[in-house]
Amino acid sequence: MTVIALKPYAFPIKDAVEKFPAPLVYIGWEDHLMFPSPFCLPLPPDMPFGALAAKVLPGIYGYHPDFAKIDWNCVEWFKSGKPWTPDPSKSLAENGIGHKDLLRFRTPGLEGIAGSCS
């Protein structure tokens, strides 16, 4: 259910980007419900997007048997629910990723253990 505020909020925002060591980015893997919700990670805005798949995601999702089978050239990315094509050589900020953005990725042909989405 959508809620619409009748008046602007008149208190300081508690989760503003300035209150964190780096902007928070939510990352989820489609069709892999072993991870039922996106992970929330503080990621430096100057980190190259390519480092996300090479250095960050293995520590989060690497123990799933499908992870080693991912063809990163075929991965479908979504930003805030919409199809999106990141540039791996550009930074997170240059790719338009900001505080509390949601990224999801789909790995065609990999739908969890024995196709169970788990």
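Rule-based calculations on the coordinates, nothing more; no lab input. Just so it is clear, the model here is predicted, and its values are computed rather than measured. Methodologically, a virtual Cβ is constructed for each residue, glycine included, from the backbone with ideal geometry; neighbour enumeration extends over all protein chains shown.
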Taking the Cβ of PRO108 as the centre, find all other residues whose Cβ is under 12 Å away and add up their charges (Lys, Arg: +1; Asp, Glu: -1).
-4
Identify the chymotrypsin sites (Phe, Trp or Tyr not before Pro) of the range 40-111 meeting these criteria: DSSP loop state and at most 13 other C-beta atoms within 10 Å of the C-beta.
TYR63, TRP72
Reviewing (1) 18.2, 55; (2) 16.1, 51; (3) 16.4, 63, the figure for Rg and Dmax of the Cα atoms in Å actually calculated from this model sits under (2)
Identify the trypsin sites (Lys or Arg not before Pro) of the range 1-74 meeting these criteria: DSSP loop state and at most 16 other C-beta atoms within 10 Å of the C-beta.
LYS14
Counting only C-alpha contacts under 8 Å and six or more residues apart, can you give the relative contact order of the chain as a whole percent?
35 percent
Of all beta bridges DSSP finds with both residues in the chain, what is the antiparallel percent, to the nearest 5?
70 percent
For the range 23-29, what does the Karplus curve 6.51 cos²θ - 1.76 cosθ + 1.60, with θ = phi - 60°, yield as ³J(HN,Hα) per residue in whole Hz, taken in order and with x for Gly and Pro?
x, 7, 10, 8, 9, x, 10
Cα to Cα, under 26 Å, and not fewer than 8 places away if on the same chain: which lysines meet these conditions relative to LYS7?
LYS19, LYS100
